[in-house]
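Just below is one structure, and these are the notes that go with it.
Each reported figure results from applying straightforward, stated rules to the coordinates on display, with no laboratory input. Keep in mind it's a predicted model, so treat the numbers as computed, not measured. Cβ placement follows ideal geometry from the backbone for every residue including glycine, while neighbour counts extend to all protein chains displayed.
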Amino acid sequence: MIKTEDKLMMMPGPVAVPQRVLMAMAKPMINHRGKEFSAIYDDCQRISASLFNTAQENVSVISGSGTAGMEAAVGCLNNKDDKILAIENGKFGQRFKKIAGKYGNVVPLEFEWGKSVDLAAVEEKLAAGDIKTITMVHNESSTAIRNPAAEVGELAKKFGAYFILDVVSSLGGDDIRIDDWNVDIAVTGSQKCIAAPPGISVVAANERALAEMENVTTRPYYLDLVAYHKSANKELKETPYTPAVSLFYALQEALKIVEEEGVDKRIERHFLMTKAVRDSVTALGVEMFPQLNEVSAYSNTVSAMKAPAGIDAEEIKKAMNKRGVIITGGQDDLKGKIFRIGSMGATTPTNIMTTLSELEQVLYDMGIGEETGAVMDIAGKTMAKLYE
């Protein structure tokens with residue numbers, strides 16, 4: 001049995017955390033109302049803003065997972081009777097819908113998981129009138145689909161709606177341009193493409209959204225983005241309530257690694273590694289899962305594949321785990337039907353090659369394909385630029 005600490009984490013989050021990020025968490029506690037913490041916060045805010053492509057002052061950092069950020073965004077922007085158009089085509093769109101139901105009047109727009117968002121249907125709902133807010137997931141990691149954020153943002157602008165976008169599994173691994181896309185609030189988490197431990201949410205809210213929040217009487221207390229925004233933009237930057245200092249150390253270090261690599265290079269690495277998985281798995285005769293139209297695209301950070309006929313995807317996951325590679329399966333109705341491989345964070349081309357080699361062997365043992373090593377050649381060619 002391979003020990004957990006020796007296994008290769010190839011899930012779509014949480015991801016393996018670089019050693020220097022882990023070591024950063026071993027630093028001693030500091031005054032979270034002092035200059036040293038302010039400098040840490042400033043780094044987190046500044047580098048995150050460059051990933052969101054927005055102004056630094058729009059960014060707040062919250063001790064809490066991405067779901068906390070999602071709840072903060074919805075809860076601070078909407079009163080109980082406000083209509084929220086919740087777009088769902090996967091697990092995390094469904095989560096957004098459930099959160100919205102706690103704070104507003106949900107108007108659900110549901111698509112089959114793994115199918116594209118129908119922009120005509122979005123426009124029809126907005127044209128019916130009285131929609132205050134739209135929620136959508138940019139990178140639906142449950143189905144490995146990238147939803148049309150720019151196009152939905154245009155519709156939000158056309159109808160005067162606020163647009164909240166979940167970029168939890170794409171920020172740091174895909175091109176995100178929230179100002180250009182008319183996104184009012186965007187939310188990410190620390191544990192995916194940024195490659196820090198779980199437990200931090202980063203939220204970017206523009207002036208329009210922040211001004212509207214002042215009119216919301218039911219804003220949550222701990223997750224009040226107005227309070228976070230004010231604290232984040234003091235001369236000494238801080239959080240309104242006691243932060244998870246060790247996780248801030250980790251986030252700062254992880255974001256420094258992002259900055260050192262360069263955002264464009266990091267995005268390209270994610271793209272080529274994910275494409276290598278798809279190219280190779282397709283060559284093995286395994287079918288990709290999402291059913292996409294021209295306005296959607298495959299995820300830049302995670303791949304989803306259908307289990308071959310007669311095989312439970314959970315068995316593929318278990319067999320890979322025994323071989324030292326941790327992947328994941330489908331959620332809810334997709335459990336047993338698909339398996340997923342992440343290409344996030346600090347994942348390297350070598351990690352991809354190892355994963356594909358083990359997957360080829362697992363499938364061969366299950367009677368799928370041949371044990372030829374062809375996937376290595378295919379993946380190597382796809383990722384060749386990363387070796388230059």
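Overview of results
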read-out: Under 13 Å from the Cα of K125 - aspartates and glutamates, other chains or at least 8 residues apart; value: E110
read-out: Rounded Å value of the spacing that divides the Cα centres of the stretch 239-289 and the stretch 47-125; value: 21 Å
read-out: Linear extension gain, E235 paired with Q291, 0.36 nm per residue minus alpha-carbon span; value: 15.2 nm
read-out: The chain - mean residue ellipticity at 222 nm from DSSP helices (-39,500 (n - 2.57) per run, n ≥ 4, rounded to 500); value: -12500 deg cm²/dmol
read-out: Burial order of peptide ranges 88-100, 119-131, 323-335 (average beta-carbon count within 10 Å, highest first); value: 88-100, 323-335, 119-131
read-out: Ranked by how many other beta carbons lie within 10 Å on average, peptides 279-287, 338-346 from highest; value: 338-346, 279-287
read-out: Ranked packing of 33-45, 233-245, most packed first, by mean Cβ within 10 Å; value: 33-45, 233-245
read-out: Prolate/oblate/rounded label for the stretch 1-127 (Cα gyration tensor, a/c 1.5); value: oblate
read-out: Rounded, prolate or oblate (a/c below 1.5 giving rounded, otherwise prolate when a/b exceeds b/c) for the chain by Cα gyration tensor; value: oblate
